[in-house]
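K.L.:
Before anything else, here's the structure in question.
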Amino acid sequence: MTALITGASSGIGRDIARILANLGMRLIITGRNTERLEELRMELGRRRVKIITADISYREECIRLYEEASKYNVDILINNAGFGLYGKFCGTDLERELEMIDVNITAVHILTKLFLQDFVKRDKGYILNVASSAGFMPGPFMSAYYSTKNYIVRLTEAIHEELRLDGSHVYIGVFCPGPVDTNFNKTAGVRFALKGISSTYAAECAVNGMLARKPLIIPTASMKAGVVASRLVPDTLLSMVTAHIQQKKQG
């Protein structure tokens, strides 16, 4: 099998690549940092890893990535690339927010649609979209980021139901971790208020859940309980609680 992983140069994406390589899969890894991708390729074995450097904050780059990767008969798409931004909505940089929307939403939307169309024709394939526990709640002080993850959760859930109704054998699921110890907090300009899980553990949960065809993958019992609780609490109260947690982060 061949897997395409976006955002593979670090963090969860890099660890997912390592796990899939150990399972004997061929990999296509993509990101903006060619040097880091090459280091990962050398680590995993050059013959089984293909690099496609792409900046998927641009729509044309998403299309190019799809066209180049399709030549290798992709069986698994893992939409992992994404980043966050901390601060009050009225004070955060507009251009940076729009770039985040392009990476976190537009790129995922484009790649999911294009590869899903191919997978449906073949009636097989896996798509795993990496979202966040943030996708189940409003997020004062990281409002745009939380909103992007809400989009990914709901989009994936809707597509999963469409495939189920069609009796399709194509899998789509969403991975929703809480805090993970990666470069995410550095990029977002925060430190986590809650203890994060390791990137390796997060990647293992993601891969195991995908191969078990779980539509919603949430690591740790405490995070699952938190997601359940978020669905029971009124949105106004949930916003207040989330704001309190977010204010503990240092931007």
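K.L.:
Equivalent-ellipsoid semi-axes (√(5λ), Cα gyration tensor) for the range 15-94, whole Å, largest first?
P.N.:
Taking √(5λ) for each Cα gyration eigenvalue gives 28, 16, 12 Å.
K.L.:
Could you state the principal axis extents of the C-alpha atoms in the range 1-157, from the largest down, to the nearest angstrom?
P.N.:
Extents along the principal axes, in whole Å: 48, 35, 28.
K.L.:
Still on this structure, I have one more. Using unit Cβ charges (K, R positive; D, E negative) and no other charged atoms, how large, in debye to the nearest 20, is the dipole of the range 6-85 about its Cα centre? Intermediate values should be presented prior to the final figure.
P.N.:
Numbers: 13 positive and 11 negative charges, 58 e Å.
Dipole magnitude for the range 6-85 comes out near 280 debye.
K.L.:
Further, regarding this structure: First compute the accessible area of the range 45-118 with a 1.4 Å probe, then give the percent of it belonging to carbon and sulfur atoms. Kindly include the intermediate steps, with their values, before the conclusion.
P.N.:
Details: 1970 of 3790 Å².
C and S atoms contribute 52 percent here.
The values are calculated or read from the model by the stated rules, or taken from the named source; none is laboratory data. Just so it is clear, the structure is predicted and the values come from calculations on it, not from any experiment. Cβ: placed from backbone, ideal geometry, glycine included. Neighbour counts: every protein chain shown. Ligands, DNA and RNA are excluded from the accessible area calculation, which covers all protein heavy atoms including side chains. Shrake-Rupley method; radii C 1.70, N 1.55, O 1.52, S 1.80 Å.
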